[in-house]
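Values quoted throughout were computed directly from the atomic coordinates according to the rules given, and no laboratory measurement underlies them. The structure presented is a predicted model; accordingly, all values stated were derived computationally and were not measured. When we count neighbours, we look across all protein chains shown, and the Cβ atoms used for this are built from the backbone with ideal geometry, even at glycine.
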2 protein chains.
Amino acid sequence: MNPLPSPADVRAAAERLRGHAHRTPVATSRRVDGETGACVFFKCENLQRMGAFKFRGAFTALSRLADAQRRAGVVAYSSGNHAQAVALAARILDMPATIVMPHDAPRSKVAATLGYGARVVGYDRVTEDRERIGAALAAEHGLTLVPPYDHPDVIAGQGTAALELFEDVDGLDALFVCLGGGGLLAGSALAAEAAAPTCRLFGVEPAAGDDGQRSFRSGEIVHIPTPDTIADGAQTQHLGTLTFPIIRRRVTDIHTVTDAELVDAMRVFASTLKMVVEPTGCLAFAALRRLAPEFAGQRVGVLVSGGNVDLDRYATLLAR
Amino acid sequence: MNPLPSPADVRAAAERLRGHAHRTPVATSRRVDGETGACVFFKCENLQRMGAFKFRGAFTALSRLADAQRRAGVVAYSSGNHAQAVALAARILDMPATIVMPHDAPRSKVAATLGYGARVVGYDRVTEDRERIGAALAAEHGLTLVPPYDHPDVIAGQGTAALELFEDVDGLDALFVCLGGGGLLAGSALAAEAAAPTCRLFGVEPAAGDDGQRSFRSGEIVHIPTPDTIADGAQTQHLGTLTFPIIRRRVTDIHTVTDAELVDAMRVFASTLKMVVEPTGCLAFAALRRLAPEFAGQRVGVLVSGGNVDLDRYATLLAR
């Protein structure tokens, strides 16, 4: 098993990402501060390259591969941002990439993945097992599998977003981070250990998939069926064996929000901050909005994880 | 008649606005650069206070009033961003503000204007004349009327957006600016005279309301009926007596774009730049997208004028 990554690994990942990932801006809004009573700092990973924080982890992992691995190339399975992240990182690092995506993946995501120069292998979501396909491709062609969250380099890379926020904003009292498999939250926890020892950390997941909260409170990783939620980036079935212990060690609590709360937060992002944020990217802010009275007068960070959403779907969600 | 403002007035306005207006960010996108062949710099006035550049002109004008005028207060007529701009500037400067708005103005705009502490006076768009109501209120209560574009301080204030862009981005070859009454374009022209003498300037208006283009080419201010376009901030009927000569002196040409081109640009803003931009704010980019081959390899500024659009309307426009 891989060793747990450390706060130093997050700093090393930040060095690797310099000049490749954007140092995304931190947005503020007087209106949001007025409505929440807190002083809120939005870390805008929806403005990251390929539209989500996932680029940080994928690039970090790929940039650490040995020459032989680079030449053979990488494989990943994902219907979401991890696919595009691996494809873009591979293009930058000049390695072949194969992405295993379901036949019914949104065309825009398939097009974006192909646009980054990756090879896309389709599969049937009902009858085939993507992990088996990925493993078979890896074995047959000597490809290195890049997991979406449970990998030390991926976790360290994702942590660089929070690290930048801690560097740019002094004295944060709390940070809200979305939670799927836990890569971003675990990375943020490592960043906080390094750079913000007094900042409380909160994970936020969809109410329909509260495995993270149950795992956190019980001390054992809970597995669930794929949850039914609009937060498609958080439809994971369980935390990782690496992400879980880091989260348990440093995070204060895990909260859940409903899809309706996600849509409300999405509307505030559009109307007040003029930002397009995908449903998963609304998790952290939705939780802060509900819990605002507990954070009155505090300096609170909100990690906005991504902005990749089909426009037709976005329009449907925005319309009341 | 008021004298024409000068480039020095724009610099003076920038000083007045310091600490009150946001210095808005300049956004770039590798994808947009790849698709246009140009190197494009978006000046994001949709992220300005109250969501549009109009705050710059209104605050500049109000901040220059004499004490007696401040005490009596200001009046403006507008169903759009100028209303909110005057209301917010008046609140900051602690003066009373009265806004004349049609009974059928979008509720969100009425609410925002009231939220800034202004008094709203309604009128019937069909049977009543807003200019007469404004003049009557001004005469009766000694209020100072703040026109939306044809005023030297308003023009100078609007020019500060382009001035910031010229300061932040060296060597722009061209700048695209939306055109309604001409306040933003004339102000940008003054800023260019001061700070970017070799940058070519282009105004962009809706095809349905091409009075600016016809005026520019004929040398006489052309009046038209209210044009039918989704660019509600550019539904003006004629250029101003102050804005026109400045535009004629410095601008290279005026282009027009269709509503369909505005929607296409709006979708690119949402999907690629993750930004909410109102239809009028899409004018400049829509023109650049069509004319891109002429600007290959050039450094091109695009003024994104605002982001205030009712979300339901926005959703309808985004959906195909």
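Estimated purely from DSSP H runs of n ≥ 4, each contributing -39500 (n - 2.57), the mean residue ellipticity at 222 nm for chain A is -13500 deg cm²/dmol once divided by its residues. When chain A is treated as a Gaussian network with alpha carbon springs shorter than 10 Å, the biggest mean-square fluctuation among A:Ala21, A:Ala87, A:Ala66 belongs to A:Ala66.
Just checking the listed ones, B:Asp253, B:Asp211, B:Asp150: in the Gaussian network model of chain B with Cα springs under 10 Å, the one fluctuating most is B:Asp253. If you model the range A:31-170 as an ellipsoid using its alpha carbon gyration tensor, with each semi-axis the square root of five times an eigenvalue, the axes come out at 31, 18, 12 Å, biggest first. Using the Cα coordinates of the range B:163-294, the gyration tensor eigenvalues translate into equivalent-ellipsoid semi-axes of 21, 21, 12 Å, sorted from longest to shortest. Pairwise Cα distances in chain A exceed 33 Å for 18 percent of all pairs. Karplus-derived 3J(HN,Hα) values for the range A:279-287, using 6.51 cos²θ - 1.76 cosθ + 1.60 with θ = phi - 60°, are x, 4, x, 8, 4, 5, 5, 4, 5 Hz; glycine and proline are entered as x. Of all the C-alpha pairs in the protein assembly as shown, what % are more than 46 Å from each other? Cα-Cα pairs of the protein assembly as shown separated by over 46 Å account for 22 percent. With one equal scatterer per alpha carbon and no solvent term, the Debye-computed log10 I(q)/I(0) for the range A:48-93 at 0.26, 0.27 1/Å reads -0.91, -0.97. Charge dipole of the range B:54-204 (Cα centre as origin; +1 on each Lys and Arg Cβ, -1 on each Asp and Glu Cβ, all else neutral): 500 debye, rounded to the nearest 20. In chain B the longest region clear of GluC sites (Glu not before Pro) that are loop-assigned by DSSP and have at most 16 other C-beta atoms within 10 Å covers B:1-127.
Between the amide H of A:Phe41 and those of A:Val300, A:Gly301, A:Val302, distances stay under 5 Å, these residues lying 5 or more places away or on another chain, with hydrogens modeled in the peptide plane. In a reduced charge model with +1 at each Lys and Arg Cβ and -1 at each Asp and Glu Cβ, the protein assembly as shown shows a dipole moment near 780 debye about its Cα centre.
Top mean-square fluctuation among B:Pro227, B:Pro293, B:Pro152, Gaussian network model of chain B, C-alpha springs under 10 Å? Of B:Pro227, B:Pro293, B:Pro152, the most mobile in the Gaussian network model is B:Pro293. If one puts a single equal scatterer on every Cα of the range A:92-206 and applies the Debye formula without solvent, what log₁₀ I(q)/I(0) results at q = 0.16, 0.18, 0.19, 0.21 Å⁻¹? Rounded to two decimals, the profile gives -0.89, -0.99, -1.03, -1.11. Measuring from the axis that maps chain B onto chain A, the chain B residue with the nearest beta carbon and its rounded distance in angstrom come out as B:Ala315, 2.
Remark: the range A:46-52, residue by residue, has Karplus-estimated 3J(HN,Hα) of 5, 9, 6, 4, 6, x, 6 Hz, where x stands for each Gly or Pro and the curve is 6.51 cos²θ - 1.76 cosθ + 1.60 at θ = phi - 60°.
Report the antiparallel proportion of the DSSP beta bridges in chain B as a percent, rounded to a multiple of 5. Antiparallel bridges: around 10 percent, rounded to the nearest 5. Across every pair of non-identical alpha carbons in the range B:16-64, the mean reciprocal distance, once inverted, gives a Kirkwood radius of 12.3 Å.
In order along the range A:168-179, the Karplus-derived 3J(HN,Hα) couplings, from 6.51 cos²θ - 1.76 cosθ + 1.60 at θ = phi - 60°, round to 8, 10, 6, x, 5, 8, 8, 9, 9, 9, 6, 9 Hz, and Gly and Pro are given as x. Between amide H atoms placed 1.01 Å from N, distances below 5 Å from B:His255 occur with B:Gly203, B:Val204, B:Glu205, all of them 5 or more places distant or on a separate chain. The range B:182-256 gives an Rg/Rh value of 0.96, both radii derived from C-alpha positions and Rh following Kirkwood.
Taking a ≥ b ≥ c as the square roots of the eigenvalues of the alpha-carbon gyration tensor, the range B:1-112 is classed oblate because a/c is 1.5 or more while a/b is no larger than b/c.
For the Cα trace of the range B:218-313, dividing Rg by the Kirkwood Rh returns an Rg/Rh value of 0.98. Assuming charge only on the beta carbon of Lys and Arg (+1) and of Asp and Glu (-1), the dipole of the range B:153-263 about its Cα centre is about 440 debye to the nearest 20. In this structure, the amide hydrogen of A:Gly306, modeled 1.01 Å from its nitrogen in the peptide plane, lies closer than 5 angstrom to those of A:Asn46, A:Glu278, A:Gly281, counting only residues at least 5 positions away or on a different chain. Each principal axis of the Cα cloud of the range B:74-149 was taken in turn, and the coordinate range along them, longest first, works out to 34, 29, 21 Å.
The alpha carbons of the range A:109-158 occupy a box of 33, 25, 23 Å along the principal axes, longest dimension given first. Could you give the distance between the Cα centres of the range A:1-76 and the range A:146-214, to the whole Å? Spelled out, the Cα-based centre of one part sits 11 Å from the other. Assuming 1.567 mPa s and 4 °C, estimate D for the range B:220-262 with Stokes-Einstein, Rh taken as the Kirkwood radius over Cα pairs, in µm²/s. Rounded to a whole number, D works out at 108 µm²/s.
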